[in-house]
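First up is the structure itself, then whatever we jot down about it.
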Amino acid sequence: MIKISPSLLAADFSKLGKEVSDMYDAGAQWMHIDVMDGHFVPNISLGPVVVKCIRPSCDIFFDVHLMISDPDKYAPVFAKSGADLITFHLEAVDDPMKTIETIRYTGKKVGISIKPKTPAEAVFPYLPFVDLVLIMTVEPGFGGQKFMADMMPKLLSVKKECIRLGLDPDIEVDGGIDVETAKQAVENGANVLVAGSSLYSKSDYKKAVSELIASAESVNVSFR
Ligand code: DX5
Ligand code: ZN
């Protein structure tokens, strides 16, 4: 099943709680929350206190994307603040299994992400231990960038390796996703679509979410 995860980074920060519940009412199943520390990526976004503040707004699934240098230290804090899934970057840590176990211990779902320059094979050893793999389709750090279509072979090779291993984690793409690029991503194995600017820039969220789902579901894929 296709899941839409609007990226809160593109929302109006003066009314975050409403921006979250409006997307939930519009039919988005997940909310993508980008956490940046100004160190792993050259930008600073939001911290656990914000996650805690928006948690009561609705029951949407909180998909927390940690673009930070020390996920082992902060994952438990985000878990307490209301995250449902915590994704860390493979490039940020020396011992990915330790981070996976740290997140697992909080009782939340575990995601692992790779940046554009990191090869697919780098995540293969961890596939049996995670709930989600996030393939970045832009350089992490900022919203509103152009979708990197050259990430599609990498996405497909992760999907194929999951099938080969008999695993079925969620496979998420993040960066430059709109009604057109979503189709390419789904064709190549993605089932969770993060979309920031292409959704929050629209005045009618319900129409925007429905159109994105319809576009993604129009693609014929044997492995869905
Ligand atoms: C980039 C973030 C993305 C970003 C996506 O570092 O991880 O989640 O908000 O924004 P759009 O959809 O505008 O590319
Ligand atoms: Zn993200």
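All but one of (1) in a helix (DSSP H, G or I); (2) farther than 24 Å from HIS65 by Cα hold for ASN220; which doesn't?
It fails just one condition, (1).
Can you name every residue in the stretch 195-210 that is surrounded by fewer than 20 Cβ atoms within 10 Å (Cβ to Cβ) and more than 16 Å from the chain's Cα centre (by Cα)?
Residues satisfying the conditions are SER201, LYS202, SER203, ASP204, TYR205, LYS206, LYS207, SER210.
Do you know which residues across the stretch 122-170 are farther than 19 Å from LYS183 by Cβ, in contact with a Lys or Arg (Cβ under 8 Å, 6 or more places away or on another chain) and assigned to a strand (DSSP E or B)?
Once the filter is applied, which keeps residues that are farther than 19 Å from LYS183 by Cβ, in contact with a Lys or Arg (Cβ under 8 Å, 6 or more places away or on another chain) and assigned to a strand (DSSP E or B), the stretch 122-170 yields only LEU132.
Just wondering, is there one or more residues in the stretch 198-209 that are of a type in the set (Ser, Thr, Tyr), more than 30 Å from ALA79 (Cα to Cα), in a loop (DSSP other than H, G, I, E, B) and more than 16 Å from ligand 2 (Cβ to nearest atom)?
Yes, the stretch 198-209 contains at least one residue that is of a type in the set (Ser, Thr, Tyr), more than 30 Å from ALA79 (Cα to Cα), in a loop (DSSP other than H, G, I, E, B) and more than 16 Å from ligand 2 (Cβ to nearest atom).
Give me the strands (runs of 3 or more DSSP E) completely within the stretch 21-93, filtered to those with at least 1 residues that are open to solvent by 10 Å² or more (accessible area, probe 1.4 Å), more than 16 Å from ligand 2 (Cβ to nearest atom) and touching a strand residue (DSSP E or B) at 6+ places or on another chain (Cβ under 8 Å), ordered by residue number.
The strands (runs of 3 or more DSSP E) meeting that bar number zero.
Given the conditions (1) away from ligand 1 (no atom under 16 Å from the Cβ); (2) not in a strand (DSSP E or B); (3) not charged (D, E, K, R), which single one is not true for VAL110?
With (1) away from ligand 1 (no atom under 16 Å from the Cβ); (2) not in a strand (DSSP E or B); (3) not charged (D, E, K, R) applied to VAL110, the lone miss is (2).
Scanning the stretch 174-194 for residues that are part of a helix (DSSP H, G or I) and surrounded by fewer than 18 Cβ atoms within 10 Å (Cβ to Cβ), which turns out farthest from ligand 1 (Cβ to nearest atom)?
Checking each candidate, the answer is GLU187.
Just one of (1) within 14 Å of ligand 1 (Cβ to nearest atom); (2) more than 30 Å from LYS207 (Cβ to Cβ); (3) open to solvent by less than 50 Å² (accessible area, probe 1.4 Å) trips up THR118, so point out which.
Of (1) within 14 Å of ligand 1 (Cβ to nearest atom); (2) more than 30 Å from LYS207 (Cβ to Cβ); (3) open to solvent by less than 50 Å² (accessible area, probe 1.4 Å), only one is false for THR118: (1).
The values are calculated or read from the model by the stated rules, or taken from the named source; none is laboratory data. The structure presented is a predicted model; accordingly, all values stated were derived computationally and were not measured. When we count neighbours, we look across all protein chains shown, and the Cβ atoms used for this are built from the backbone with ideal geometry, even at glycine. Remember, those area values only see protein heavy atoms, side chains included, never the ligands or the DNA or RNA. Shrake-Rupley method; radii C 1.70, N 1.55, O 1.52, S 1.80 Å.
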